[in-house]
1. Within the bounds of the stretch 62-77, is there any residue that is touching a strand residue (DSSP E or B) at 6+ places or on another chain (Cβ under 7 Å), β-branched (Val, Ile, Thr), away from the ligand (no atom under 16 Å from the Cβ) and more than 23 Å from Val301 (Cα to Cα)?
2. Pairs please, first residue from the stretch 44-70 and open to solvent by 60 Å² or more (accessible area, probe 1.4 Å) and among the charged types (D, E, K, R), second anywhere and more than 16 Å from the ligand (Cβ to nearest atom) and at pLDDT 90 or above, Cβ atoms under 7 Å, 6+ apart in sequence or on different chains.
3. So, Ala270, is that one in the same structural domain as Gly86 (by TED's automatic domain parsing), surrounded by fewer than 20 Cβ atoms within 10 Å (Cβ to Cβ) and in contact with a helix residue (DSSP H, G or I) (Cβ under 6 Å, 6 or more places away or on another chain) or not?
4. Taking the stretch 136-150, which residues are more than 16 Å from the ligand (Cβ to nearest atom), among the aliphatic types (A, V, I, L, M) and open to solvent by less than 20 Å² (accessible area, probe 1.4 Å)?
5. For the stretch 154-166, how many residues meet the condition of being in contact with a strand residue (DSSP E or B) (Cβ under 8 Å, 6 or more places away or on another chain) and either exposed (fewer than 13 other Cβ atoms within 10 Å of the Cβ) or in contact (Cβ under 8 Å) with a residue 60 or more places away in the chain (or both)?
6. Restricting attention to the stretch 90-135, which residues are part of a loop (DSSP other than H, G, I, E, B), open to solvent by 20 Å² or more (accessible area, probe 1.4 Å) and either hydrophobic (A, V, I, L, M, F, W, C) or within 12 Å of the ligand (Cβ to nearest atom) (or both)?
7. Would you be able to tell me the number of residues in the stretch 250-263 that are within 16 Å of the ligand (Cβ to nearest atom) and under 21 Å from Ser309 (Cβ atoms)?
8. Could you check the stretch 208-249 and list, in sequence order, the residues that are away from the ligand (no atom under 16 Å from the Cβ), open to solvent by less than 30 Å² (accessible area, probe 1.4 Å) and within 10 Å of Ala188 (Cβ to Cβ)?
Amino acid sequence: MPSLAMILASLATLALAMLAAQTRRSRLAAFASVALLFGVAGWIAFVPSRPHLRAGVMEMTAIDVGQGDSILLVTPAGRALLIDAGGMAQWMHSDFDIGEQVVSSYLWNRGIDRLDVVVITHPHADHLGGMPAVIANFHPRELWISIDKPVGELAPIVAQAQSAGMIVSVEKDGDTFDYGGTHFRVFAPGRDQITGSMRPNDDCLVFTATLGGTTALLEGDAERPAERRVVEEHPEAMLLKVAHHGSASGTSADLLATVHPRFAVISVGARNVYGHPRREVLERLQKAGVKTYRTDAEGAVSFYLDGKSVTPDVALLH
Ligand SMILES: [Zn+2]
């Protein structure tokens with residue numbers, strides 16, 4: 001998409017060319033204007049627009065992928081991470097590629113043509129289904145997963161990442177590291193836990209991303225066992241990516257009392273067959289005084305964390 005500056009520059013050039021042609025004052029001026037017009041056209045066609053990102057702050061955006069998760073996290077140093085890439089549940093037997101049609105389109109519209117890291121929280125179709133297209137389109141350098149021995153649908157994605165020369169790392173409870181000016185801390189799965197179980201939600205990668213005094217807790221599809229690990233370590237986080245699309249198996253009163261979020265976002269599809277988000281979860285959030293946003297009602301929801309406060313930005317309100 002050409003920026004407003006580009007459009008204005010082309011219009012100004014066109015006006016100048018018409019003016020020069022009308023007055024016939026100078027053929028040279030007309031020639032120069034036409035050359036400039038071609039230059040601007042080339043600029044629009046070939047120079048990539050700058051990503052629409054805010055410098056020095058951390059952004060967390062829940063992209064509207066219907067029933068599923070795809071979270072864009074941009075660090076203050078401008079590193080772009082995508083946590084999950086949406087996807088259709090297998091029983092839907094759909095060829096629609098959310099990774100290509102929804103997630104890639106969203107990122108391109110934001111002027112993002114390269115991701116640094118992609119993360120798969122757990123191997124469920126509504127989280128990893130769109131990932132092959134995203135990896136092919138955005139050439140990330142790293143893939144973070146939570147499973148030691150990838151099986152099922154995760155295996156071919158790890159193979160795709162390895163053949164693309166990406167670093168594949170397995171993150172576990174207790175891992176802490178800095179990346180792009182953001183501090184990451186992993187809470188689940190447990191270090192001693194045997195991953196690759198029949199209950200992928202219990203293998204879910206749960207972590208916080210922190211800039212100064214502002215933290216986002218990303219719970220993926222965590223259920224009780226994973227949430228218990230979080231509660232035991234009592235992190236505080238102003239922003240919560242609500243667990244498992246607002247299923248009643250997560251977002252316990254204990255978790256809310258420990259973490260003290262002020263804002264939350266639920267990534268959930270409209271009229272989904274699972275009854276997400278559950279009424280009791282919405283009530284728990286409300287009781288805890290958490291201002292809660294939903295992708296089914298508001299579309300993509302962004303939050304900007306500047307080290308002191310969190311500012312929500314809802315796409316549909318623009
Ligand atoms: Zn899910």
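1. Among the residues of the stretch 62-77, not one is touching a strand residue (DSSP E or B) at 6+ places or on another chain (Cβ under 7 Å), β-branched (Val, Ile, Thr), away from the ligand (no atom under 16 Å from the Cβ) and more than 23 Å from Val301 (Cα to Cα), which makes the answer no.
2. Arg50/Gly111; Arg54/Tyr304; Asp64/Gly299; Asp64/Ala300
3. Working: in the same structural domain as Gly86 (by TED's automatic domain parsing): yes; surrounded by fewer than 20 Cβ atoms within 10 Å (Cβ to Cβ): yes; in contact with a helix residue (DSSP H, G or I) (Cβ under 6 Å, 6 or more places away or on another chain): yes.
Criteria met by Ala270.
4. First pass over the stretch 136-150, keeping only residues more than 16 Å from the ligand (Cβ to nearest atom): 136-144, 148-150.
Still in the running and among the aliphatic types (A, V, I, L, M): 136, 143.
Once the filter is applied, which keeps residues that are more than 16 Å from the ligand (Cβ to nearest atom), among the aliphatic types (A, V, I, L, M) and open to solvent by less than 20 Å² (accessible area, probe 1.4 Å), the stretch 136-150 yields only Leu143.
5. So in the stretch 154-166, the residues in contact with a strand residue (DSSP E or B) (Cβ under 8 Å, 6 or more places away or on another chain) come out as 154, 157-158, 161-162, 166.
Within this subset, residues satisfying the condition of being either exposed (fewer than 13 other Cβ atoms within 10 Å of the Cβ) or in contact (Cβ under 8 Å) with a residue 60 or more places away in the chain (or both) are 162.
The total comes to 1.
6. First, the residues of the stretch 90-135 that are part of a loop (DSSP other than H, G, I, E, B): 93-97, 110-116, 120-124, 129-130.
Okay, now just the ones that are also open to solvent by 20 Å² or more (accessible area, probe 1.4 Å), so 93-97, 110, 113-114, 123-124, 129.
If the condition is that a residue be part of a loop (DSSP other than H, G, I, E, B), open to solvent by 20 Å² or more (accessible area, probe 1.4 Å) and either hydrophobic (A, V, I, L, M, F, W, C) or within 12 Å of the ligand (Cβ to nearest atom) (or both), then Phe96, Pro123, His124, Gly129 are the ones that fit.
7. Quick first cut of the stretch 250-263, residues within 16 Å of the ligand (Cβ to nearest atom) only: 250-251.
Those still in the list that are under 21 Å from Ser309 (Cβ atoms) too: none.
So the count comes out to 0.
8. Val230
The values are calculated or read from the model by the stated rules, or taken from the named source; none is laboratory data. Every value quoted in this text rests on a predicted model; they were computed, and no experiment measured them. Quick reminder, even Gly has a Cβ in these numbers, built from the backbone with ideal geometry, and neighbours come from all protein chains shown. Heavy atoms of the whole protein, side chains included, go into the accessibility calculation; ligands, DNA and RNA do not. Shrake-Rupley method; radii C 1.70, N 1.55, O 1.52, S 1.80 Å.
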